[in-house]
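Encoded as C-alpha cells, the structure appears first; notes follow it.
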Amino acid sequence: MATETTDWITTLDQEVAALVIRLDADPAARRLYDGTTTATEYIAFLEQIYHYVRWTRPLCAYAGARLAATCIGGPGEARGADGRAVLAALLLRKAEEESGHEQWALDDLAALGRDPEVVMRAEPAPATQAYIAWSRYTAEAGAPEAFLGTAYVLEALSAHRAGDAAARLVARAGILGIEGAVRFLRGHADADEGHVRELAELLATIPGPEAREAILLSARVTRTVYPDMIAGALAGAALLTAASPIMAVAKRAAPGRLSTAAPHKP
C-alpha cells in the first residue's frame with residue numbers, strides 16, 4: 001500500500017517521466033539522444049548547457065545559506081524540525097558537487113572548435129533566461145528549498161539519457177572531434193544516478209507540506225521550460241544548417257541583394 005511519502009516521491013518521478021516523454025517526442029532532441037545530431041545542433045545544445053549550469057553552484061550555495069539561516073534559533077528552540085536543516089545542508093553540499101561543471105561544457109565546445117570566450121559573452125536563449133530567472137527567484141527571494149525540485153528533475157534526466165547519448169554520439173562518429181566533446185554528458189551520467197537516489201531518500205523525509213509544494217512547483221516549472229531550452233536550441237540550429245546551402249547559392253548568384261543594411265551615401 002502506498003504511503004504519503006512514496007506518493008510524494010512518485011509525483012516527482014511523474015514530472016521526470018513527463019519531461020522524458022516530451023523530449024523523446026521532439027525530433028531535434030531525439031537526434032541528440034540517438035547520436036545522429038549535427039555538429040551545429042550539438043554546439044547549440046552545449047551553449048545552453050553552459051549558460052544555465054554556470055548558475056547552479058552559486059544559486060545552490062545562496063539557497064542553502066538562506067535556508068540554514070531559518071534553522072538558527074536561540075537556546076532551547078527547536079527550529080528546523082520540518083526538515084529545513086537537512087535540506088540546507090544538502091543544498092550547500094550540492095553547490096560543491098556542481099563546482100566546475102560549466103567548464104566541462106566549455107571544454108566540450110572548445111574540442112569542437114567553438115571559442116569559449118564567444119560562448120560566455122553570448123546571450124542565453126529566451127527559455128534559458130526564463131529558467132535562470134525562476135531559479136534566481138526561488139534561491140534569492142522565494143522558497144530556497146524549491147531549487148531541489150529543479151535538481152531532482154535534471155539529475156534524473158541525466159541518469160536516463162546522458163550516458164547513452166554520449167556513447168551513441170561517439171559510436172556514430174558523425175561529428176569531428178566528438179570523442180573529446182562528451183565530458184559533460186559522461187560526467188553527469190556517472191554522477192547523477194547516485195545523486196537521484198540520495199536526493200529521493202532525503203526528500204522522502206520532509207514532513208512539511210509547504211516545502212514539498214515548493215519543490216514540486218519548481219520541478220514542474222523545470223519540466224515545462226527545459227524542452228524549450230534544449231529542443232528549441234537544437235531546432236534553431238537545424239534550421240540554420242538547412243538554410244546555409246540555400247544562402248550560399250543566393251550569395252553567389254546575387255551577392256549585393258542579401259544585405260539589409262542602409263545604402264551608403266557618398
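Where a number appears in this text, it was derived from the coordinates with a stated rule and is not lab data. Here the structure is a predicted model, which means the values were calculated and not measured. Every residue, glycine among them, receives a Cβ derived from its backbone with ideal geometry; neighbour counts consider all protein chains shown.
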| request: Would you mind computing, in nm to one decimal, how far apart the modelled labels at D190 and A69 are, each placed 7 Å from Cα along Cα→Cβ? | output: 3.7 nm
| said: Is there a quick way to get the dipole size of region 4-242? I mean about its Cα centre, with the Cβ of Lys and Arg at +1 and of Asp and Glu at -1; what is the value in debye to the nearest 20? | reply: 280 debye
| note | Semi-axes in Å, largest first, for region 4-242 (Cα gyration tensor, √(5λ)) are 33, 18, 15
| query | How do 175-183, 119-127, 44-52 rank on mean C-beta neighbours within 10 Å, highest first? | reply | 44-52, 175-183, 119-127
| message | Once R0 is set to 30 Å, what does the formula 1/(1 + (r/R0)^6) return for the Cβ-Cβ distance between A18 and E97, expressed as a FRET efficiency to the nearest 0.05? | response | 0.70
| request: For A85 and R30, calculate 0.36 nm times their separation in residues minus their Cα-Cα distance, and state this gained length in nm to one decimal. | output: 15.8 nm
| query | For A141 and E210, what is the calculated FRET efficiency with R₀ set at 22 Å and r taken between the beta-carbons, to the nearest 0.05? | reply | 0.90
| said: At 7 Å along Cα-to-Cβ for each site, give me the label-to-label distance between V118 and A200 in nm. | reply: 4.2 nm
